[in-house]
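Participant: For reference, the structure I am asking about is given below.
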Number of protein chains: 2
Amino acid sequence: MTEPSATPTRQRGGRRGARQQTGGEAAPKAQPRLLYKPVEAVSADELEAIHAASLRVLEEIGIDFLHAGARQILKTAGAEVTPGSNRVRFDRALVESQIGKAPERFTLHARNPARNVIVGGDYMVFCSVASAPNAADRDGGRRSGNRADYQNFFRLGQMLDAVHVWGGYPVEPVDIHASIRHLDAIYDSLTLSDKPIHCYSLGRQRNLDAIEMVRLARGIDDATLDREPSVFTVINSSSPLRIDTPMLEGIIQMARRNQPVVMTPFTLAGAMAPVSLAGALAQQNAEALAGLVLTQVVSPGAPFVYGGFTSNVDMKSGAPAFGTPEYMKAALVGGQLARRYKLPYRSSNANAANTVDAQAAYESVFSLWGAVMGGCNFMMHAAGWMEGGLHASFEKMVLDADLLGMVAEFLRPIVVNDDELALDAMREVGPGGHFFGAGHTMARYRNAFYAPMISDWRNYETWTEAGRPDAYDAANRLYKSVLAGYREPPMDPTAREALTEFVERRKREGGVATDF
Amino acid sequence: MTEPSATPTRQRGGRRGARQQTGGEAAPKAQPRLLYKPVEAVSADELEAIHAASLRVLEEIGIDFLHAGARQILKTAGAEVTPGSNRVRFDRALVESQIGKAPERFTLHARNPARNVIVGGDYMVFCSVASAPNAADRDGGRRSGNRADYQNFFRLGQMLDAVHVWGGYPVEPVDIHASIRHLDAIYDSLTLSDKPIHCYSLGRQRNLDAIEMVRLARGIDDATLDREPSVFTVINSSSPLRIDTPMLEGIIQMARRNQPVVMTPFTLAGAMAPVSLAGALAQQNAEALAGLVLTQVVSPGAPFVYGGFTSNVDMKSGAPAFGTPEYMKAALVGGQLARRYKLPYRSSNANAANTVDAQAAYESVFSLWGAVMGGCNFMMHAAGWMEGGLHASFEKMVLDADLLGMVAEFLRPIVVNDDELALDAMREVGPGGHFFGAGHTMARYRNAFYAPMISDWRNYETWTEAGRPDAYDAANRLYKSVLAGYREPPMDPTAREALTEFVERRKREGGVATDF
């Protein structure tokens, strides 16, 4: 179990323990790989029935595309656009013809090449929490998103090996005016961290600004950027069966530059999708395929990630729920669909808890269970998401980093060879003995097991003397200590200067027009 | 998803929601079935290497059997017993010859036939916490086991559908003298509850008393009891490679009466087993096979459950750890081994947390993940276990019941048919609409989703107004309300009288001699 070198086709899931995860500047770690065969929640026939149902949705009902340009592109490609309306219908041949063009895996580049990640295949990527309107920690409580918290999330996540990619703004820095928010926010993300980033599709110009900033931060030319995916966007459909204007702008701008589109219908069964899981999945699939078609028509072969986010609502209150049994099953089927289309698969580490308690943990681990066993390649909201996305939590970010470390360790193969089977150690120790002092143990104990950052394994008496801290207390202490050890990653001065100049120029130009 | 009747080979995982689980007297529920193909953590070749290593352990090192009668039985069967010692060595032919005799599945009978459970095949059984020396709840704190708490655990678990079987004493009632404790304790378990029970192997007479009490409670004759497994025992080896006297007595007495033996080596890697996972599993397997051989030699075909409880210790402190990545991987391989021998597989819902916090939840759900994906048939400590088994928690029992309800729902198949694919509902609602009021939703919403007992999905403001209860608070309130609704299950008066008379007679006889 300790040395995976014996199984060359499998790669280490990552390094061990608290020391490596918290001490000094975090080094890039090997990405976890999906060790286990994904679990199939529906049969091959049932999967085809879901696929067929979504083709019928696209053909018979259609999707509203709230963007004349997108409709024109699709019409040219052979889709049926109803004159005077947003409705686009796709015959199945058109849809099928666009499947198989996007890559099964691609590299997402960071400004620090050691932070590049592979998206797809049997690789897993863990992204930070994204898009929360509020931030929270135990000391300061829950508050509106602001730039100070925003920056601290980047500092914290930069130090955590388990955060591979920024999934978006961990929290919305609402104290920056919307017209220039993306400029400051992306500047912070590219300077405080050297990991790959996301950009929001909130109108064409923001996508273009983000792409240019990433190019400047990497210090590459346009041709290189067009070859190398360097910033991704998440596209959510406005379920049911509608894709809004800025999202369609995002697909068009990103696909044209060969930058990844992570298409994620937000299909809450019983609200924006049918109450039946099969129906919600058919709708999810129809919306995802609609996004795939546009992406591939705009730019054949542009990287595209199939996102699944089907969950259910509390039918008494309408409140969204996550990490539920229904969510888990949908996560498994989402993976089956993505693999059917040979696309990387996006899932999430979600929960609906208001505080970092047992519920936050069980809903999260149920989500991870669905994602890992579903063959998730790209896990959004992997660290720090709370309250169904309504707040980002500093404590949850480090607690999740620990959970992700455990998942990575779970994905490291058990080594089975003579050394590890340890017959000699059993012979040495013999019946009734103990292994603490055995040579076999002494040679391995330092790195034998994952060393958690949060779990408190002290005995009850010692724990009581220490004031009975719970995991929330431990996470509170841990996040502050990791944050205190933050060091800004080095950046090429020329790149930084170019980035700074760009931001200043675009601010002088007024940024982006807003409605307010 | 709502009506599994469309998939007749799969059975409903159980009924839904808080109402059924807490209101009135809990009715027996359908057992969950293992819907998904178990996950394989090692290859077929690696599995054979582990099997081969354990055969070498049994052949070359041997096992200490601290019971002359057991050694004699094994010697007669062809094992090599070293004269003047406890050591027994088994050649591989002897071991292999005993594999395949025990049943792949059997029914464990309750005094109420509606509570019978199937052990093995694709069925899952959830057992209560067992053998904790301490009890705890938030109000009363942690205290030594006592009969009042003992009885309340039986009352609580009787009301929870997710508790199918009593895994042992939820907490040790140490205020009953050891000489008669088993009589009072078993009497309580057979009268306060009508679910199947366990008996401890703590000397021949206790096993015999327990078997007789179960026979009386069921009101059956000896021949029926010998046909119908009605009380099970857990046999732990004293790892490494030793089985103690009372455990061997237990195997002999239980096997002779065709009562199930759940053989569970407690192989903590780095302490009682090699620090390498493959080695710990080889040792677990050797010890389990040693128990299997004795059981089957005593009584060919006697029910036997393969138990896996390999975990790791904290190498800094030696403290045992549960629900770790290593534990999960061991749980997967344990299932592979059990299936290789066509035996039902026992795993656990374990954690090492001192309080009902995020750690308790994530370690538990990681344990459930390993168990469910490992193909566990018989889950010990499924509800109420805390602190590595050092205390049983009332709050954790209801929280676990909720987690088990979620697991059961996760194991219910997704129904894929035209009704569930909901094309008509999508057509009715159309792009940009919502499904809340759709006919398809209205017809299904009541039972569409699992309704959790603990999860708090209220919005942050409402939750804040309610005093910001966490899951521990919710579990505290819930367990008291379930307990308050307890009703003793009916019992045949003749059976109760016979049971009472037996206990009184055995008490007059002094119970069982003790050392103190």
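Participant: Please report the equivalent ellipsoid semi-axes of segment A:198-333, computed as sqrt(5 x eigenvalue) of the Cα gyration tensor, largest first, in whole Å.
Facilitator: 32, 14, 13
Participant: Counting only protein heavy atoms and using a 1.4 Å probe, what share of the accessible area of segment B:354-467 belongs to carbon plus sulfur, as a whole percent?
Facilitator: 48 percent
Participant: Report the normalised scattering of segment B:48-134 as log10 I(q)/I(0) at q = 0.10, 0.23 Å⁻¹, calculated by the Debye formula with identical scatterers on the alpha carbons.
Facilitator: Log10 of I(q)/I(0), two decimals: -0.46, -1.01.
Participant: Over segment B:88-216, what portion of Cα pair distances is larger than 21 Å, expressed as a whole percent? Provide the component values of the computation, followed by the final result.
Facilitator: Values: 4017 of 8256 pairs.
Tail of the P(r) past 21 Å holds 49 percent of the pairs.
Participant: Follow-up. Which value at 222 nm does chain B reach when only helices count, each DSSP H run of 4 or more adding -39,500 (n - 2.57), with the total divided by all residues and rounded to the nearest 500 deg cm²/dmol?
Facilitator: On the way: 19 runs with 219 residues, N = 516.
So the helix-based figure for chain B works out to -13000 deg cm²/dmol.
Participant: I'd like the distance between the alpha-carbon centres of segment A:116-141 and segment A:445-501, rounded to an integer number of Å.
Facilitator: Segment A:116-141 and segment A:445-501 have Cα centres separated by 16 Å.
Participant: Starting from the Cα coordinates of segment A:304-345, work out the convex hull volume and express it per residue in Å³. The partial results should precede the final answer.
Facilitator: Working: hull volume 2.6 nm³, N = 42.
For segment A:304-345, the hull spanned by Cα atoms encloses 61 Å³ per residue.
Participant: Next question, about the same structure. Under the convention of a label 7 Å out along Cα→Cβ, give the distances in nm from A:Thr464 to the same position in every other copy, shortest first.
Facilitator: 3.7
Participant: Right, another one. Which ³J(HN,Hα) values, rounded to whole Hz and listed in residue order, are derived for segment A:279-288 from phi using the Karplus coefficients 6.51, -1.76 and 1.60 in 6.51 cos²θ - 1.76 cosθ + 1.60 with θ = phi - 60°, glycine and proline given as x?
Facilitator: Calculated HN-Hα couplings, in order: x, 4, 6, 4, 5, 3, 5, 4, 5, 5 Hz.
Participant: For segment A:376-393, just list the computed ³J(HN,Hα) in residue order, Karplus coefficients 6.51, -1.76 and 1.60, θ = phi - 60°, integers in Hz, with x standing in for Gly and Pro.
Facilitator: Ordered by residue, 3J(HN,Hα) equals 5, 9, 9, 9, 6, 6, 5, 9, x, 6, 9, 6, x, x, 7, 9, 9, 10 Hz.
Participant: Rounded to whole Å, give me the distance from the Cα center of segment A:299-346 to that of segment A:172-191.
Facilitator: 29 Å
Participant: For A:Arg446 and B:Arg256, FRET efficiency with R0 = 51 Å and r from the beta-carbon atoms, rounded to 0.05?
Facilitator: After rounding, the FRET efficiency stands at 0.60.
Participant: If each label sits 7 angstrom from Cα along the C-beta direction, how far apart, in nm, is A:Leu208 from its counterparts in the other copies?
Facilitator: 9.3
Participant: Find the accessible area per residue for segment A:190-299; the probe is 1.4 Å, ligands and nucleic acids are left out, and the unit is Å².
Facilitator: Per-residue value: 20 Å².
Participant: While we're here: Looking at segment B:418-458 from every direction and averaging, what is the projected area of its Cα convex hull in nm²?
Facilitator: Averaged projected hull area, Cα only: 3.9 nm².
Participant: Here is a further query. Pull up all non-local amide H partners of A:Ser201: gap of 5 or more, or a different chain, and H-to-H distance under 5 Å with H placed in the peptide plane.
Facilitator: Here A:Val234 satisfy the definition.
Participant: Please turn the phi angles of segment B:217-229 into ³J(HN,Hα) values with the Karplus equation 6.51 cos²θ - 1.76 cosθ + 1.60 (θ = phi - 60°), one per residue in order, whole Hz, x for glycine and proline.
Facilitator: Calculated HN-Hα couplings, in order: 5, 7, x, 10, 8, 4, 5, 5, 4, 5, 8, 10, x Hz.
Participant: Could you work out how far apart the two model spin labels at B:Glu509 and B:Val174 are, taking each label as a point 7 Å from the Cα in the direction of the beta carbon, and quote it in nm?
Facilitator: Going from the B:Glu509 label point to the B:Val174 one covers 2.9 nm.
Participant: Okay, moving on. So the label point sits 7 Å from Cα along the Cα-to-Cβ vector; using that for B:Arg105, what distances do you get to the other copies, in nanometres, sorted shortest first?
Facilitator: 3.9
Participant: With the convex hull built on the Cα atoms of segment A:313-382, state its orientation-averaged projected area in nm².
Facilitator: For the Cα atoms of segment A:313-382, the hull's average projected area reads 4.7 nm².
Participant: Grab the Cα-Cα distance for B:Glu80 and B:Glu497, subtract it from 0.36 nm times how many residues apart they are, and report the gain in nm with one decimal.
Facilitator: Residue separation times 0.36 nm, minus the Cα-Cα distance, leaves 145.3 nm.
Participant: Continuing with the same structure: Taking 23 Å as the cut-off for C-alpha to C-alpha distance, list the pairs among B:Lys75/B:Lys101; A:Lys195/A:Lys396; A:Lys396/B:Lys480; B:Lys101/B:Lys329 that go past it.
Facilitator: Pairs exceeding 23 Å: A:Lys396/B:Lys480; B:Lys101/B:Lys329.
Participant: Kindly provide the trypsin sites (Lys or Arg not before Pro) of segment B:221-297 that DSSP labels as loop, not H, G, I, E or B, and whose Cβ sees at most 15 other Cβ atoms within 10 Å.
Facilitator: none
Participant: Write out the trypsin sites (Lys or Arg not before Pro) in segment B:311-419 meeting two conditions: DSSP loop, and at most 10 other Cβ atoms within 10 Å of their Cβ.
Facilitator: Working: sites: B:Lys316, B:Lys329, B:Arg339, B:Arg340, B:Lys342, B:Arg346, B:Lys396; in loops: B:Lys316, B:Lys342.
Passing sites in segment B:311-419 are B:Lys316.
Participant: Send over the Kirkwood Rh of segment B:345-415, from the inverse of the averaged 1/r over different Cα pairs, rounded to one decimal Å.
Facilitator: Taking every pair of different Cα atoms in segment B:345-415, averaging 1/r and inverting gives 12.1 Å.
Participant: Right, something else. Take the Cα of A:Lys37, step 7 Å along the line toward its Cβ, and report every residue of segment A:306-343 whose backbone nitrogen sits under 19 Å from that point.
Facilitator: A:332-342
Participant: Still on this structure, I have one more. Using just the C-alpha positions of segment B:216-284 as equal point scatterers, what log10 of I(q)/I(0) does the Debye formula give at each q in 0.12, 0.22, 0.23, 0.26 1/Å?
Facilitator: -0.43, -0.87, -0.91, -1.04
Participant: What is the Cα coordinate range of chain A on the first, second and third principal axes, sorted by size from largest, in whole angstrom?
Facilitator: Each principal axis gives a Cα extent; for chain A these are 82, 57, 49 Å.
Participant: Further question: Just to confirm the number: angle between the C-alpha axis of helix A:493-508 and the first principal axis of chain A, 0 to 90 degrees, nearest 10?
Facilitator: 40 degrees
Participant: I've got another one for you. Limiting things to C-alpha atoms, what are the Rg and the maximum Cα-Cα separation (Dmax) for the protein assembly as shown, in angstroms?
Facilitator: 29.5, 97
Participant: Pop out the Kirkwood hydrodynamic radius of segment A:438-516 from its pairwise C-alpha distances, inverse of mean 1/r, in Å to one decimal. Mind dumping the intermediate values first?
Facilitator: Working: mean 1/r = 0.0541 Å⁻¹.
Evaluated over segment A:438-516, this radius sits at 18.5 Å.
Participant: If you take the Cα atoms of segment B:165-207, find Rg, then find the Kirkwood Rh from the mean of 1/r over all pairs, what is Rg/Rh?
Facilitator: Value, to two decimals: 0.93.
Participant: Segment A:391-484: D in µm²/s via Stokes-Einstein (Kirkwood Rh, Cα pairs, 20 °C, 1.002 mPa s)?
Facilitator: Rounded to a whole number, D works out at 131 µm²/s.
The values are calculated or read from the model by the stated rules, or taken from the named source; none is laboratory data. Every value quoted in this text rests on a predicted model; they were computed, and no experiment measured them. Here Cβ is always computed from backbone atoms with ideal geometry, including for glycine, and neighbour counts include all displayed protein chains. We work out accessible area using only protein heavy atoms, side chains counted, and drop any ligands, DNA or RNA first. Shrake-Rupley method; radii C 1.70, N 1.55, O 1.52, S 1.80 Å.
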